[in-house]
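Data block below; observations after.
The values are calculated or read from the model by the stated rules, or taken from the named source; none is laboratory data. What you see is a predicted model, and the numbers here were worked out from it, not measured in a lab. Neighbour counts are summed over all protein chains in view; Cβ atoms, including those assigned to glycine, are modelled from backbone coordinates with ideal geometry. The accessibility values were calculated without ligands, DNA or RNA, using every heavy atom of the protein model including side chains. Shrake-Rupley method; radii C 1.70, N 1.55, O 1.52, S 1.80 Å.
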Amino acid sequence: MLKYILNRLFHSVIVMFVISFIVFFIMFKAGDPVQLLLPPDATQQDVIEMRHALGIDQSFIKQYEAFLKNVAKGNLGNSFVYGQPALNVVFERLPATLELSVLAMIFSILFGIPLGIIASIKPKAWYSKVIMFLSLSGISVPIFWTGMILVLVFSVLLGWLPSSGRGEVYLFTSAFTWDGIKHLIMPVLTLSFFQLALILRLTRTGMMEVMMQDYIKLATAKGVPRRVVVYYHALKNSLIPLVTVIGIQFGQLVAFTIVTETIFAWPGTGKLIIDSIQNLDRPIVVAYLLIISFIFVAINFVVDVLYTFIDPRVRV
Amino acid sequence: MQFFKNELVVEFFEDKLAVGGLVIFIFLCVLALFPSLFSYQNPYDLTQLFLQNSFQPPNHTFWLGTDEQGRDIFSAMVYGLRISLYVGLASTILSVTIGYTLGLISGYYGGWVDTIIMRIADIQLSFPAILIALIIMALWGEGIGKVVIAITIVNWVYYARTARGVVLSEKEKDYAQSAKALGMSNFGIIFSEILPNTTAPIIVIATVRIANAIILEATLSFLGLGVPITEPSLGSLIANGYQVLFSGYWWDSVFPGVLLMVLVVSINLIGDRMRDIMNPRLKR
Amino acid sequence: MALLEVKNLKTYFFTRSGVIKSVDGTSFSIEKGEILGIVGESGAGKSITGFSILGLIDPPGKIVEGEINFDGRDLVKLSQDELQKIRGNEISIIFQDPQTSLNPVISIGKQLMETILYHRKGVSKKEAYNSCVEILKTVGLPAAEKRMKSYPHQLSGGMKQRVVIAMALLNNPKLLIADEPTTALDVTIQAQILYLMKKLSKDFHSALILITHDIAVVSQLCDKIAVMYAGRIVEYGSKEDVIFNPLHPYTKGLIECLPKLNDDKKRLYQIPGIMPSLLGLPEGCYFKDRCEFADEQCDVYPPRQEIDKRIVFCHKVK
Amino acid sequence: MSQSEVKLLEVKDVEKIFNVNISTFKKKDLHALNKVSFDIYKGTTLSLVGESGCGKTTVGKVILGLYQATEGSVIFRDKDIAKLGPSQRDNVQKDIQMIFQDPYSSLNPRKKIKTILEQPLKIHTKMTKEERKEAILSLCDDVGIDYSYLERYPHQFSGGQRQRIAIARAMMLKPELILADEPISALDVSIQAQILNLMMDLQEKYNSTMLFITHDISVVKHISDYIAVMYLGEIVEYASKKELFANPQHPYTKMLFSTVPDIHTPLATESVLKTGEIQSPIDLPIGCFFQNRCLYKDKNCELEHPDLTDLGENHLARCPRIGSF
């Protein structure tokens, strides 16, 4: 067991290492930020000095070496734009992003799984068809469009909810204040529509596949009540593959905050990365990508380990 | 008319929603293929635009209103549809070709070929798809061709993984073994024996991923990192209209959005039905 | 009175390609403690007969006609809730493939215990646990306590089938239905399982319906035999009569074409042709195209004949 | 029966070891075959009998080239093919053909019957299109396939018909050696006899040699000249059919014979419950592989692995205690 966990941990570290290389390589190729940073009337001397100050006048290998050394010290360099350590800039905004993602994920699971089960039990009933059609729209509508329409309806036309910003923050999150909640509703809904629909559909297909199995028929044949067959025998089997999906999808959610935050002017990392990409603010982009990948890899690791607990077939 | 007697085809047509999706999709394809037949004006021909027409709400002349340059929204949508569809189809064809081939080879040969291809896929999947596309576009700058390539790079993994999975089970089947025992070449076994038996899941995923590619392109364009504004797709039309959405000119972005939604829903309806009838695990 | 009496049972499947009459008017009965064998080729309707008794037919299948009288009740008329009380309690079933019969993510112990707990109110978990360990020992599973904690993938096919048998016997059912219980197993394991089933159904005073394609297995185990062909019973009688003096040409052919242990290399007797598709059944006797005795008389489906307590459907039997 | 003393195929000390994952991070050796040796004589049928997992199919796949032997040799026409894949065997391969167990998966569902039958000819002969057609039609007559079948796809046929097609494909090149891996076990009882008869007819007509792989003892009695009983990757008894059925020696053979259901014998007795189950081929025991199921085992059986010894008249058995029980 411990050996397995260490094995997976080692694997994760390798993946992180490769990712760091790719990310750094991409940013190295990305172009020269100096042109953007200096005023138009800067002299050639200014440019050379600035390049030296930023450390980008050296060879790729040298830069990468320096980069790795700094990473080991927990230093990803100073932001070209903000002048502060890049990690700090990203970490400062991370809670706002995670708040959105976590709430959206919880919301999607809370509604997606039960609705998926309902739609799987009687696939031909009218309510199943309604659920399925709605979920189809869920995976068909781009996130930015959902957000736009929500703003148009609830902020512009009805004036019920604020259209931008984060509202009052209490202990890292705005979920504990009424003002904060009002600001959260639309971004979270926007972000969760697609996930909810996806989880719902996967639950449904999984349940329907499991319900065809012999062991479900045998459970019925030995007189286990219908609800136990569905909610214990079948659900337990179909939840196992869902864990993987939910793990992967959480990473996707974090990435999709880029869109949500743009629309709702949410002060998180998504907005930061879009700005930084446009400014070629290399340290910020690298820091952001590394942190996101780290979250992603960490989740995959947790899912792998979790698997050995919930699925007796892979238990060591 | 052998085609209409095929069991899968018959089964497909039994679902009214799916047939509806197919009809709408075909209609949209016709619109996109011959945009000039359906539109009031060529929205990119500046000689046809008049500033006095700007920001007109929907009316008799301009069914769906006009934008700030006096451009007919309906006409712009038809042209935008063309680009959205092009990006979706082109990137899907490219990524199917690349992913399918790599998946077949990876699954059939196994060993280090498999390890390398699948490790690359694993690492790529360690990044959220949209992030990869975003970075690529940020580095290369906008452009239709670039969007197609970015989406291909994101999507090939899904085909590769699926194809590999199917090949792993197909190559152990007796028909493949018997071809091998006959001394057939590996190339022949992969492409002439195994490939025809792996198309069903690939077709299903491809349908779903066309829809996905269209959404991804729209999202990139919305963020200003997709197709250039001179050749707008539905996504860039929405982005363009979004800037004036709260000034009351809602038609500028809402109508392109509706069309985008209809397009994606119609493709997903088709994909859904195909998934249902081709899923061997739901068949008795 | 018979424990189970099936009268004119018809189970049809309403598919896209047409109505499949999987079971088309079969009648048979079984007494307490008796063993009945239902033999036939795949698609003959034998498994569907077994599933019909327990009301386990899923759409597009449906019991369209007939009675299944069990212990004074007509099972066809009962609701799913009422059937649930009978399933696994008064009537149990054993499936063909032990590999897929047990839930892979629930421990053997839990799967056994729930069979008791849902049927017998007032039984404590402790008591249920003890009965389960007891029955695992009865079916010959070593280290029963340890096995209670195991998951199905940790057991071999033969062991899983023992667990399924144990599960079926837990509530001391009056009737046990075994659907090809040994087809997926090796001969040596098959012999063990068959022996066990015969012995246990005696010890537990359960009647047993054995559904199989293997006429040799049926002859070793059963008191009565029903031979099914294309959804209908063609011959039905005591084992001695059906095996050693078969009347219907199909039964004769089935027995004749078995390779025998005591003869030398020579051509086997063979029944020509194949069983007709249930979607394209011929007019008249379903077997006529493969039957050496068939003539124009066989263009009408043969009537039921009772000859010395045996039932045969064939014009050529007098 | 055209028995002869000419060896067509010689299998010598063949070993096959698979390296399998037993859990996510642990690999172990699975000994599928342990020093298997036997000869097949021209024009005869040798049956390999045993329960699932005894390695009988692996033997077939090594001879066919789908697996390469880890050790040992397979001599066919003076050539050692044990470690060669099908495409490395030059002109030898076309004389070894296989009939697979499951006719539902052995025919490519996307190919017409015509294409399936033509394939061996295309790969191994220089026939013209006309000659190929001629050959296919003439074999259709032999095997009992209607010419109209040729334009159809496999899914339009029943199991029995498919197996006929599979047999036709195997016979296409008129091979000297036919490997038949459980060719009838997936078929209905009334069809099994048809296929068995067909195979015997063809063998007679083309004077071919057959390796028949099966778990079904009653079929073995019918079709074979020689029988090898396998257990856990090794041969435990070998004899001519007559000798083996008249005089089975190894405890495992006896157990197998006693458990075959037959309408003339009664059900096995209580003692059958003591016979246990086959063991995993990973971590084989030191002594006799059959020890934990053997009703006659003594201490020595746990210590020493017995050799295959000749009991006279070419009857071999792997048990030192024969005669003492």
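Miscellaneous remarks
- Residue in segment A:62-69 that is crowded, with 19+ Cβ neighbours inside 10 Å and touching a helix residue (DSSP H, G or I) at 6+ places or on another chain (Cβ under 8 Å) present: yes
- The lone exception for A:HIS233 - which of (1) open to solvent by 30 Å² or more (accessible area, probe 1.4 Å); (2) touching a residue at least 12 places away in the same chain (Cβ under 8 Å); (3) within 13 Å of chain C (Cβ to nearest Cβ) it fails: (1)
- Test for D:ALA82: is it in a loop (DSSP other than H, G, I, E, B) and touching a residue at least 60 places away in the same chain (Cβ under 8 Å): yes
- C:GLY140 falls short on exactly one of the conditions (1) within 11 Å of chain A (Cβ to nearest Cβ); (2) crowded, with 16+ Cβ neighbours inside 10 Å, and that condition is (1).
- When residues of segment B:173-200 are limited to those that are within 9 Å of chain D (Cβ to nearest Cβ) and outside any helix (DSSP H, G or I), the one nearest to D:ILE96 (Cα to Cα): B:LEU182
Table: residues versus (1) among the acidic types (Asp, Glu); (2) at the interface with another protein chain (Cβ under 7 Å from one of its Cβ atoms); (3) open to solvent by less than 10 Å² (accessible area, probe 1.4 Å).
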{"site": "A:ALA197", "(1), (2), (3)": "no, no, yes"}
{"site": "A:MET211", "(1), (2), (3)": "no, no, no"}
{"site": "A:LYS217", "(1), (2), (3)": "no, yes, no"}
{"site": "A:ASN237", "(1), (2), (3)": "no, yes, no"}
{"site": "A:ILE248", "(1), (2), (3)": "no, no, no"}
{"site": "A:ALA255", "(1), (2), (3)": "no, yes, yes"}
{"site": "A:PHE264", "(1), (2), (3)": "no, no, yes"}
{"site": "A:SER276", "(1), (2), (3)": "no, no, yes"}
{"site": "A:ASN279", "(1), (2), (3)": "no, no, no"}
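- Condition check for C:LEU268 on (1) touching a Gly at 6+ places or on another chain (Cβ under 8 Å); (2) within 11 Å of chain D (Cβ to nearest Cβ): one failure, at (1).
- Residue match in segment D:242-264 (condition: in a helix (DSSP H, G or I), within 12 Å of chain C (Cβ to nearest Cβ) and modelled with pLDDT under 85): no
- Qualifying residue in segment B:151-170 (condition: within 14 Å of chain A (Cβ to nearest Cβ), farther than 30 Å from D:GLN101 by Cα and of a type in the set (Gly, Ala, Ser)): no
- Which numbered condition D:LYS27 misses (of (1) touching a His at 6+ places or on another chain (Cβ under 8 Å); (2) charged (D, E, K, R); (3) under 30 Å from A:TYR4 (Cα atoms)): (1)
- Checking each residue in segment C:56-93 for being open to solvent by less than 20 Å² (accessible area, probe 1.4 Å), under 23 Å from C:LEU117 (Cα atoms) and among the small types (Gly, Ala, Ser) picks out C:GLY88, C:SER92.
- For segment D:265-275, a residue qualifies if it is open to solvent by 40 Å² or more (accessible area, probe 1.4 Å), within 7 Å of another protein chain (Cβ to nearest Cβ) and not hydrophobic (A, V, I, L, M, F, W, C), and exactly one does: D:PRO266.
- Of residues in segment B:249-275 being facing chain A (nearest Cβ under 9 Å) and more than 20 Å from B:ILE24 (Cα to Cα), the one nearest to the chain's Cα centre (by Cα): B:SER253
- Scanning segment B:144-169 for residues that are over 17 Å from B:GLY99 (Cα atoms) and either among the β-branched types (Val, Ile, Thr) or surrounded by 24 or more Cβ atoms within 10 Å (Cβ to Cβ) (or both) yields a total of 2.
- Test: residue in segment A:78-98 that is charged (D, E, K, R), under 15 Å from A:ILE295 (Cβ atoms) and crowded, with 23+ Cβ neighbours inside 10 Å: no
- Members of segment C:159-179 that are surrounded by fewer than 24 Cβ atoms within 10 Å (Cβ to Cβ) and away from every other protein chain (no Cβ under 12 Å): C:ASN172, C:LYS174
- Within segment D:23-60, being in a strand (DSSP E or B), within 14 Å of chain C (Cβ to nearest Cβ) and modelled with pLDDT of 90 or more holds for D:THR45, D:LEU46, D:SER47, D:VAL49.
- Search result, residues across segment A:144-162 that are touching a residue at least 40 places away in the same chain (Cβ under 8 Å), more than 7 Å from chain B (Cβ to nearest Cβ) and either of a type in the set (A, V, I, L, M) or open to solvent by 50 Å² or more (accessible area, probe 1.4 Å) (or both): A:LEU150, A:VAL151
- Enumeration of residues in segment D:270-319 that are more than 19 Å from D:GLU237 (Cβ to Cβ), touching a Lys or Arg at 6+ places or on another chain (Cβ under 8 Å) and among the hydrophobic types (A, V, I, L, M, F, W, C): D:ILE282
- For segment D:182-199, a residue qualifies if it is open to solvent by 20 Å² or more (accessible area, probe 1.4 Å), in a helix (DSSP H, G or I) and in contact (Cβ under 8 Å) with a residue 12 or more places away in the chain, and exactly one does: D:GLN192.
- Every pair of residues 6+ apart whose Cβ atoms lie under 8 Å, when the first sits in segment D:1-22 and is modelled with pLDDT under 90 while the second is open to solvent by 80 Å² or more (accessible area, probe 1.4 Å) and part of a strand (DSSP E or B): D:ASN19/D:LYS27; D:VAL20/D:LYS27; D:ASN21/D:LYS27
- Elements of type strands (runs of 3 or more DSSP E) contained in segment C:209-308, each with 2 or more residues being open to solvent by less than 50 Å² (accessible area, probe 1.4 Å) and among the small types (Gly, Ala, Ser): C:232-238
- Enumeration of residues in segment A:116-135 that are within 23 Å of A:LEU100 (Cα to Cα) and either open to solvent by 20 Å² or more (accessible area, probe 1.4 Å) or among the aliphatic types (A, V, I, L, M) (or both): A:LEU134
- Reported count of residues in segment D:63-107, each being closer than 15 Å to D:ILE40 by Cβ, β-branched (Val, Ile, Thr) and open to solvent by 20 Å² or more (accessible area, probe 1.4 Å), is 1.
- Any hit, segment D:169-178, residues being surrounded by fewer than 18 Cβ atoms within 10 Å (Cβ to Cβ), at the interface with another protein chain (Cβ under 9 Å from one of its Cβ atoms) and touching a Leu at 6+ places or on another chain (Cβ under 6 Å): no
- Helices (runs of 4 or more DSSP H) lying entirely in segment B:49-159 (those with 1 or more residues that are within 21 Å of B:LEU31 (Cβ to Cβ) and among the small types (Gly, Ala, Ser)): B:73-109
- Verdict on A:LEU136 being in contact (Cβ under 8 Å) with a residue 24 or more places away in the chain and part of a helix (DSSP H, G or I): yes
- A count restricted to segment C:101-132 and to residues that are open to solvent by 10 Å² or more (accessible area, probe 1.4 Å) and either of a type in the set (Val, Ile, Thr) or within 14 Å of another protein chain (Cβ to nearest Cβ) (or both) stands at 11.
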